[in-house]
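K.L.:
Quick one: the structure is below, and I'll ask about it shortly.
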Amino acid sequence: MSSEAFRSHGRAGSRKGHAMLELAISAGVMVTCLAGTFQFGYAFYVYNQLVTAVGNGARYAAQRTYRAATPEDIERGKAAIRNMVVYGDAQASNDAAPVVVGLKPGQVQVEWVGKAGEVPLAVDVSIRGYTVDAIFKEVTFDGKPFAECPFVGGYAPGEREP
Amino acid sequence: MFLLLAVIGLAFDLGRVYIARNEAQVFVDAASMAAAQQVDGTAAGLDRAQGAVSRLPNRWNFGNEAFQGVEVEFGTDEEHWDARPKDASAVHFVRVTAPDNHLDILFLRAVGGPQSLTVPAQAVAATNPVRLAE
């Protein structure tokens, strides 16, 4: 091999090495960006579903009849509201699928606003300790989403929950 | 790079827009019911309706920002609206609009998108019985 041919071959090899290095660096940046995009996108998607579920649950709670014959009846009413948030159905069956992946009734907080023994003024519904597994990172929603709705339903302090 | 920013922008900015729109709709639904509940055929009832809307704790932008510039209007039907109707006894509907939810756009602006987007929401509630009308 002449010295000229050797130099030419060396430059081509060097260019190939540079290209590999550039590809490695740019691929790292792109994969990181796309992973972050997926993570945010999925977390946003789940949060949006939670906003809808909490809003529907709060509206349902505000329009249903408040029955308070015993503390157990109040708790059963809250359980129906939690079911509405999680399953979209107050009387959900045991094999019902949640509207948001992995959401459980225990992660829905329901609070009546107002004094005990009186007509509720409003109802607060929020999500507590729900974690989204976005593959690359877990995101936990605590206290959000939150919705308050004025109570406009029936008031039956002496009735039992069916 | 342009394509990457566009993809990130679509996922991040449009995701935030959809969430803001949803949060605003949940707010105006609740606000219109809160206002309709206070309407009792008197001018004082209309004042209480305005107050009930302003006291709602619902927020937007991931629950971090209070709603600004919320408009409460009253109507005898679902066609004609007045913020201060002369005859309070004829009011049967309340319309609440949250028009000023300006969301800063972070990524799409870098590829020619808007600097911010407004995400308005509106709901109408009937007064007797109190229920959402649309």
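Readers should treat all values here as calculations from the given coordinates under stated rules, not as data from a laboratory. Treat the numbers as computed from the prediction; the structure is a model and nothing was measured. As a convention, Cβ positions derive from the backbone with ideal geometry for all residues, glycine included, and neighbour counts pool all protein chains shown.
K.L.:
Let me confirm something: among B:Ala34, B:Ala30, B:Ala83, which residue is facing chain A (nearest Cβ under 9 Å), among the small types (Gly, Ala, Ser) and without any contact (Cβ under 8 Å) to a residue 24 or more places away in the chain? Quick ask: steps written out before the conclusion?
P.N.:
Numbers: B:Ala30 fails: without any contact (Cβ under 8 Å) to a residue 24 or more places away in the chain; B:Ala83 fails: facing chain A (nearest Cβ under 9 Å).
From the options B:Ala34, B:Ala30, B:Ala83, the qualifying one is B:Ala34.
K.L.:
Here is a further query. State whether one or more residues within the stretch B:81-92 are farther than 18 Å from B:Ala43 by Cα and among the acidic types (Asp, Glu).
P.N.:
The initial filter retains those residues of the stretch B:81-92 that are farther than 18 Å from B:Ala43 by Cα, namely none.
Checked against the condition, which is being farther than 18 Å from B:Ala43 by Cα and among the acidic types (Asp, Glu), the stretch B:81-92 yields no hits at all.
K.L.:
Also, I was wondering about something else. Looking only at residues in the stretch B:90-115 that are surrounded by 13 or more Cβ atoms within 10 Å (Cβ to Cβ) and among the polar types (S, T, N, Q), which one is nearest to the other protein chains (Cβ to nearest Cβ)?
P.N.:
Let us first name the residues in the stretch B:90-115 that are surrounded by 13 or more Cβ atoms within 10 Å (Cβ to Cβ), namely B:91-103, B:105-111, B:113.
Keeping just the survivors that are among the polar types (S, T, N, Q) gives B:97, B:101.
Values: B:Thr97: 17, B:Asn101: 14 Å.
Result: B:Asn101.
K.L.:
Does B:Leu56 satisfy being over 15 Å from the mean Cα position of the chain (by Cα), at the interface with chain A (Cβ under 10 Å from one of its Cβ atoms) and of a type outside the set (Ser, Thr, Tyr)? First the steps, then the outcome.
P.N.:
Numbers: over 15 Å from the mean Cα position of the chain (by Cα): no; at the interface with chain A (Cβ under 10 Å from one of its Cβ atoms): yes; of a type outside the set (Ser, Thr, Tyr): yes.
Here the answer is no, as B:Leu56 does not meet what is asked.
K.L.:
Same structure again: Where in the stretch A:47-162 are the strands (runs of 3 or more DSSP E), entirely inside, with at least 1 residues that are out of contact with any helix residue (DSSP H, G or I) (no Cβ under 6 Å at 6 or more places or on another chain) and among the polar types (S, T, N, Q)?
P.N.:
Working: elements: A:108-113, A:122-127, A:130-133, A:138-141, A:146-150.
Qualifying strands (runs of 3 or more DSSP E): A:108-113, A:122-127, A:130-133, A:138-141.
K.L.:
Within the stretch B:62-74, can one find any residue that is touching a Leu at 6+ places or on another chain (Cβ under 9 Å), surrounded by 18 or more Cβ atoms within 10 Å (Cβ to Cβ) and facing chain A (nearest Cβ under 8 Å)?
P.N.:
No, that holds for no residue.
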